[in-house]
Amino acid sequence: MKQQGKDLDLCLCRVCRQLNSSDNTHCSRCEAELQVRDYSSLQKSWALLITAAILLVPANLYPITMLTNQGQVRHDTIFSGIIHLVHSDMLPIAIIVFIASILVPWVKIIGLATYLCAISFNLPISKKKLMVGFHIIEWIGRWSMLDLFVISLTVALVNMGQLLDAKPAPAATAFALVILLTQLAAKVLDTRLLWDRLEPQDDTN
């Protein structure tokens, strides 16, 4: 069985990555508070992830953009906006919006839920594979804001007074919160808990 830092009375500073003795209360380099394990981070991550999953419903059901064209108001949800882009012969943009607005948020939520379940319920899943998946989730999560970036560009480009006016709708706020909360759920989690709670043999899978 491989030894962990806590077995050697060592603690890693999560701020500057300096190795310290577990007896220290603060990092010898940056004076940040040291914690051998942050057990409350699991509950925090679950709370943030569940909230994000709940907000994903209105983010997909309610309009995300409102377009006023010569007095006529058009509301588009994420899905209807993608369909409109396809019908407008803008398939590449439609694919980007689909990946950023639908695929990535769902993959993040399902992936993080799997990771948290593995820790909470001691699921016999390879720790190494889970860590690789976790880092991938962290990386792709940064691109989830692409849809809101497209909306902001659209608003900036098509606003032409009373003739044509584009504004973000309520779902834009819900979607932004989904992205923020999933990012926070990944950031607050102490990933060292994974290596503590799973069985040693799962480390070699």
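The values are calculated or read from the model by the stated rules, or taken from the named source; none is laboratory data. What you see is a predicted model, and the numbers here were worked out from it, not measured in a lab. Reconstructed Cβ throughout: ideal geometry from the backbone, glycine too, with neighbour counts over all protein chains shown. Ligands, DNA and RNA are stripped out before the accessible areas are found, and what is left, the full protein with its side chains, is counted by its heavy atoms. Shrake-Rupley method; radii C 1.70, N 1.55, O 1.52, S 1.80 Å.
Here are a few things to note about the model shown:
- When a 1.4 Å probe is rolled over the protein heavy atoms, the share of accessible surface on segment 1-132 that falls to carbon and sulfur comes to 63 percent.
- Highest average packing first - 122-134, 54-66, Cβ atoms within 10 Å: 54-66, 122-134
- Inter-part distance where segment 95-114 and segment 33-70 are each reduced to a Cα centre, Å: 12 Å
- Square roots of five times the Cα gyration tensor eigenvalues for segment 52-147, Å: 34, 15, 9
- Projected onto its three principal axes, the C-alpha set of segment 1-111 covers 69, 28, 25 Å, listed from the longest axis down.
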